[in-house]
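Have a look at the structure below, then the notes.
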Amino acid sequence: MCGIVGFTGHGPCTDILIESLKRLEYRGYDSAGIAVFENGSIRTAKAKGKINEGLVPLVNRGADNHFSTDFSHQTCGIGHTRWATHGEPSDINSHPIGNGRVCIVHNGIIENYREIKEFLLNAGYSFESETDTETVVKLLDYYYDGDPVEAIIKVCAEIKGAYALGILFRGFSDTIYAVKKESPLIVGKGQDGNFIASDVAAIMEYTKDYYLLEADEIAVIHPDSIAFLDKHRRPIDKELRTVDWDISAAKKGGYEHFMLKEIHEQPSVLASSMSVRIKDGLPDFSDFGLTRERINSYSRFFIVGCGSAMHAGIVGKSLLESLARVPVTVDIASEWRYADPLIDEHDLCIVISQSGETADTLAALKLAKECGADTLAVVNVVGSTIARAADMVLYMSAGPEISVCSTKAYAVQVEMMYLIAFAVTLSKGKITEEKCREYIKELQKLPELVEKLLEDKTDYQFAASNLMNAESLLYIGRGLDYALSMEGSLKLKEISYIHSESYAAGELKHGTISLITEDTPVIAVATQTALIDKTVSNIKEVKARGAKVLLITREKQIIDEKAYDIRVNLPDAEDIFMPIITCVPLQLIAYYTAVLRGTDVDMPRNLAKSVTVE
């Protein structure tokens, strides 16, 4: 979840490290720090809090006299922005962590750090922080006898868990060493120097060329060269990759927040993501081997994800079961992997992850493969760990999503569920090619309808003004509307900090309705024609008990005005396509509520974008 950067080159590194860290701050913002070589010594500046609040002022005053404010001779260094796991957010628990001879930045968790720490204590080492990372520093120091690579190999043989490490060794003042297992790490190749980073977005301003570091591979990075070694010190030849999007995609582009920018990008990414998957008016996945014959070989389908990805999977389940009439199980990755699932070689497991690095989702994918099932990854990041581990990969092409709160990635995940559902339904003979083309045509109309929703945000702002002072509220819906209620509730709670829960509307009277008191906000989603009368009855039940109802429904839908207090209208589409339309108002209501409450929309407290730990 943390962010790692490093640079070694022929010019100053300090500003490069700080600017690169800012592009990784969505991965964690409990603390930040850098370590640079200065006159042969490793100097560190680190502080609790966000980069601009803690690290930057510290660096500008010379890290309280620990290193010079003249950055010109600081040409090699590493940096880190932290999402706290072991040890509370504090200056002392911040990275980089070093002891004078060795200094590291770490993303991941060392599972056996207690055993290693006990060994090192017995060997005479002392510890200052509460982190698992410090055990790696001291273990590297224990094995270091002047050969950095040998020390790294010995340490990696002992530590267990997911990790990505950037390492400096005293005596090698122009060199960064890097190694990884599970956690993401790339090595960037530039004109005036070379880089390491957790995410290519961090270094896009300086280079578009990079290498993917694989598990147990060691990178030795100099200003003019990069070498890769395996754990036996044998050289490795690696493919140089090039980013296919521009740095402007990782900037706000005039919007107040990344979240608002990414909401507005949804029409274009929905259109572009589906365009590459449609051939002759039909869904086409033949490029990665998901043919009709292969689809027909599957008896059951499993969909696994975390957070918004799991919510997209719930929409996928509804579509697959209602259209293709195939059995589908959807579950939270962190639960599914420990539930001893009944999955075998006759099944397909679809895993959904924006980053392609989600630890629980990756573990679920590995479990499915161990059980003999085929695996299909729906991810947004090319070359990500999940993408490389899956049998088949469906890339979403949503572009970089910087805000912690997922918007455009969620919308495209749902869109991919439609395309998969249509392909399976066609393959299973439940619809004709003509009907499938009709579905595709309707799907292709959605970007224009989403664009229409973004033209006037007055209704969403007004709705937010009625929610901003709430302490707790409910989202309700039925069928696909319930799936959207779950996503809307998650969006609101994670960025506004208002306690929010979603419930199937028909379940209210089985307990939850007892929470309704005078003026309790209830957000009711009602778009499904076959369920509208039942949903309205449930809405009236909460209204009769004093709830303040915000109704989200189609603009053509006739509903008794006494059933609601505020109404947000949606453009009309077939019932099955309403989830992509409905998610936009839910996102905007959450956004404007958070803005009115003065929270940090893009970096909500305690959260990080890429969850690479369990």
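Asn52 label point, 7 Å along Cα→Cβ, cut-off 13 Å on backbone N: hits in region 582-606?
600-603
Beyond a 26 Å Cα-Cα separation, which of these cross-linked pairs lie in this structure: Lys22/Lys445; Lys138/Lys238; Lys231/Lys366; Lys408/Lys562; Lys252/Lys452; Lys366/Lys435? Kindly include the intermediate steps, with their values, before the conclusion.
Numbers: Lys22/Lys445 37 Å; Lys138/Lys238 31 Å; Lys231/Lys366 23 Å; Lys408/Lys562 34 Å; Lys252/Lys452 22 Å; Lys366/Lys435 36 Å.
Result: Lys22/Lys445; Lys138/Lys238; Lys408/Lys562; Lys366/Lys435 exceed 26 Å.
Here are several values of volume of the Cα convex hull per residue in Å³: [x] 184; [y] 158; [z] 169. Which one was derived from the coordinates shown?
Computed from these coordinates, volume of the Cα convex hull per residue in Å³ corresponds to label [y].
When the dipole is taken about the Cα centre of the chain, and only Lys, Arg (+1) and Asp, Glu (-1) are charged at their Cβ, what size is it in debye, to the nearest 20? Before the final figure, lay out each step's value.
Numbers: 64 positive and 87 negative charges, 123 e Å.
That gives a dipole near 580 debye.
At 7 Å along the Cα-to-beta-carbon direction for both Asp560 and His346, put a label point, then send me their distance in nm to one decimal.
That separation, rounded to one decimal, is 4.9 nm.
For n ≥ 4 DSSP H runs only, could you compute -39500 (n - 2.57) per run for the chain, divide by its residues and tell me the 222 nm figure to the nearest 500?
Values: 19 runs with 201 residues, N = 614.
Roughly -10000 deg cm²/dmol at 222 nm, from the helical runs in the chain.
If we sort 96-102, 400-406 on the protection proxy, mean other Cβ atoms within 10 Å, highest first, what's the order?
Details: 96-102: 20.0, 400-406: 25.3.
Final packing ranking: 400-406, 96-102.
Which of the three applies to region 3-248, rounded, prolate or oblate, going by the alpha-carbon gyration tensor with a ≥ b ≥ c and a/c under 1.5 meaning rounded? The partial results should precede the final answer.
Values: a/c = 1.39, a/b = 1.09, b/c = 1.28.
Rounded shape, in that the Cα axes give a/c under 1.5.
Of Phe119, Tyr410, Leu17, which is farthest on the positive side of the dipole of the chain, counting Cα position, with +1 on Lys and Arg Cβ, -1 on Asp and Glu Cβ, and the Cα centre as origin?
Towards the positive end, the residue furthest out is Tyr410.
Which order do the peptides 288-298, 364-374 come out in when sorted by mean C-beta neighbours inside 10 angstrom, highest first?
Working: 288-298: 15.1, 364-374: 19.4.
Output ranking for 288-298, 364-374: 364-374, 288-298.
State which helices in the chain qualify, where a helix is a whole DSSP H run, it must extend 30 Å or more along its own axis by its Cα atoms, and its mean Kyte-Doolittle hydropathy must be at least 1.6. Before the final figure, lay out the partial values.
On the way: long enough: 433-453 (31 Å, -1.00).
Going by DSSP H runs, there are no hits.
Using alpha-carbon pairs under 8 Å, 6+ residues apart, how would you state the relative contact order of region 83-218 in percent? Working shown, then result.
Values: 219 pairs, mean separation 29.1, N = 136.
About 21 percent, as a whole number.
Tell me the GluC sites (Glu not before Pro) within region 438-541 that lie in a loop according to DSSP and have at most 10 other beta-carbon atoms within 10 Å. Could the numbers behind the result be given before it?
Numbers: sites: Glu438, Glu442, Glu448, Glu451, Glu455, Glu471, Glu487, Glu494, Glu501, Glu507, Glu518, Glu541; in loops: Glu455, Glu471, Glu518.
Here the sparse-neighbourhood loop sites are Glu455, Glu471, Glu518.
So what is the relative contact order of region 458-597, in percent, for Cα pairs below 8 Å that sit 6 or more residues apart?
Reported as a whole number, the value is 32 percent.
By how many nm would the segment from Ala271 to Ser126 grow when fully extended, if each residue of separation counts as 0.36 nm and the alpha-carbon distance is taken off?
Working: separation 145, 0.36 × 145 = 52.20 nm, distance 5.70 nm.
Going from the current span to full extension adds 46.5 nm.
Using the Cα centre of the chain as origin and beta-carbon charges of +1 (Lys, Arg) and -1 (Asp, Glu), tell me which of His311, Tyr497, Ala544 is placed farthest towards the positive end of the dipole.
Ala544
Which trypsin sites (Lys or Arg not before Pro) from region 148-225 combine a DSSP loop assignment with at most 14 other Cβ atoms within 10 Å?
Lys160
So if I place +1 on the C-beta of Lys and Arg and -1 on the C-beta of Asp and Glu, and nothing else carries charge, what would the dipole magnitude of region 3-248 be about its Cα centre? I want it in debye, nearest 20.
Details: 25 positive and 37 negative charges, 28 e Å.
So the magnitude is around 140 debye.
Using Cα pairs closer than 8 Å and at least 6 residues apart in sequence, work out the relative contact order for region 258-453, in percent. Write down the numbers at each step before the final one.
Values: 349 pairs, mean separation 59.1, N = 196.
Over region 258-453, the number comes to 30 percent.
Mind running the shape call on region 458-597? Use the C-alpha gyration tensor, a ≥ b ≥ c as the square roots of the eigenvalues: rounded below 1.5 for a/c, prolate if a/b tops b/c, oblate otherwise. Before the final figure, lay out the partial values.
Working: a/c = 1.44, a/b = 1.09, b/c = 1.32.
The shape class here is rounded.
Considering the options Val5, Pro235, Gly146, tell which one lies farthest towards the positive end of the dipole of region 3-248, charges being +1 on Lys and Arg and -1 on Asp and Glu at the Cβ, about the Cα centre.
Gly146
I need the shape label for region 258-453. Rule: rounded when a/c is under 1.5, else prolate if a/b > b/c, else oblate, with a, b, c from the alpha carbon gyration tensor.
Oblate.
Here, each number is a calculation from the coordinates, and none is a lab measurement. Predicted, not measured: the structure shown is a model, and the values here were computed from it. Because the Cβ atoms are built from the backbone with ideal geometry, glycine has one as well, and the counts that use them run over all protein chains shown.
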